[in-house]
Ligand SMILES: [Zn+2]
């Protein structure tokens with residue numbers, strides 16, 4: 001009996017050589033799983049930096065999040081996905097991202113590795129926000145406002161300038177121009193407006209804290 005079980009377990013191990021355990025990042029409640037250990041290390045380094053920025057602006061990572069780096073399965077044009085309520089993020093691997101990213105987009109001036117890093121930050125912002133209450137009942141555009149702004153905020157100044165080159169930062173963006181309709185139909189326009197709108201506030205981080213707390217919303221409240 002014992003021998004049979006040992007063989008069975010042994011054969012399972014042999015037949016699944018690619019299965020690896022999730023890698024627990026140091027100092028942040030993040031686990032990651034990628035085909036390449038170097039990518040896992042990169043995800044952890046980014047998560048560590050992102051956690052500080054997120055916490056400073058009202059989005060502490062309070063629940064453990066798993067980040068799976070995948071090569072397919074996210075759907076057309078999707079480079080990262082946060083599964084609401086599941087503390088699970090899926091992100092396209094840098095290799096796959098290189099092939100699949102759009103040539104013309106708000107982030108097309110960024111090198112693929114740095115774009116990948118910024119997507120990690122974007123999705124971690126969603127995860128942190130998901131752990132907070134949503135007082136208005138709908139927090140779709142509000143969550144994207146936080147995610148895109150944290151994504152752009154996390155860039156180096158050179159990369160941020162490259163992104164901002166295609167945004168009209170001088171035009172005053174009204175609050176209701178940042179909404180779910182523009183998010184669905186023109187996500188890049190939503191992100192550009194969100195960044196310009198945030199930069200027109202007196203204190204960006206303080207404003208993000210208010211948004212995270214639900215003091216202001218970019219979604220229509222449920223009747
Ligand atoms: Zn998003």
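Please go through the stretch 75-96 and pick out each residue that is assigned to a strand (DSSP E or B) and touching a helix residue (DSSP H, G or I) at 6+ places or on another chain (Cβ under 7 Å). Across the stretch 75-96, the qualifying residues are 80, 82, 89, 91, 92. Can you tell me which residues in the stretch 54-63 are more than 14 Å from residue 87 (Cα to Cα) and either within 13 Å of the chain's Cα centre (by Cα) or assigned to a strand (DSSP E or B) (or both)? Answer for the stretch 54-63, where residues must be more than 14 Å from residue 87 (Cα to Cα) and either within 13 Å of the chain's Cα centre (by Cα) or assigned to a strand (DSSP E or B) (or both): 54, 59. Taking the stretch 124-160 as the range and being touching a residue at least 24 places away in the same chain (Cβ under 8 Å), away from the ligand (no atom under 15 Å from the Cβ) and in contact with a helix residue (DSSP H, G or I) (Cβ under 7 Å, 6 or more places away or on another chain) as the test, the residues that pass are 132, 155, 159.
Consider the stretch 28-42 and keep the residues that are closer than 15 Å to residue 71 by Cα and buried (at least 17 other Cβ atoms within 10 Å of the Cβ). The one that is nearest to the chain's Cα centre (by Cα) is 32. Would you point out the residue of the stretch 103-123, among those that are outside any helix (DSSP H, G or I) and either assigned by TED's automatic domain parsing to the domain that holds residue 209 or within 15 Å of the ligand (Cβ to nearest atom) (or both), that is modelled with the lowest pLDDT? That would be 105. Checking the condition on the phi < 0 side of the Ramachandran plot and either out of contact with any strand residue (DSSP E or B) (no Cβ under 6 Å at 6 or more places or on another chain) or within 16 Å of the ligand (Cβ to nearest atom) (or both), which residue from 38, 47 passes? That would be 38, the only listed residue that is on the phi < 0 side of the Ramachandran plot and either out of contact with any strand residue (DSSP E or B) (no Cβ under 6 Å at 6 or more places or on another chain) or within 16 Å of the ligand (Cβ to nearest atom) (or both).
Whether a residue is away from the ligand (no atom under 11 Å from the Cβ), assigned by TED's automatic domain parsing to the domain that holds residue 38 and either free of Cβ contacts under 8 Å to residues at least 12 places away in the same chain or closer than 26 Å to residue 219 by Cβ (or both) was assessed, and residue 88 passes this test.
The residue that is nearest to the chain's Cα centre (by Cα), among those in the stretch 64-74 that are in a loop (DSSP other than H, G, I, E, B) and away from the ligand (no atom under 16 Å from the Cβ), is 64.
The rows are residues; the columns are (1) surrounded by 15 or more Cβ atoms within 10 Å (Cβ to Cβ); (2) free of Cβ contacts under 8 Å to residues at least 24 places away in the same chain.
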| site | (1), (2) |
| --- | --- |
| 163 | yes, no |
| 167 | yes, no |
| 172 | no, no |
| 177 | yes, yes |
| 185 | no, yes |
| 190 | yes, no |
| 196 | yes, no |
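Taking each residue of the stretch 207-223 that is assigned to a loop (DSSP other than H, G, I, E, B) and looking for partners that are at pLDDT below 95 and buried (at least 19 other Cβ atoms within 10 Å of the Cβ) with beta-carbon atoms closer than 9 Å, six or more apart or interchain, yields 214/139; 217/139; 218/139; 219/139.
The values are calculated or read from the model by the stated rules, or taken from the named source; none is laboratory data. Keep in mind it's a predicted model, so treat the numbers as computed, not measured. Backbone-built Cβ (ideal geometry, glycine too); neighbour counts: all protein chains shown.
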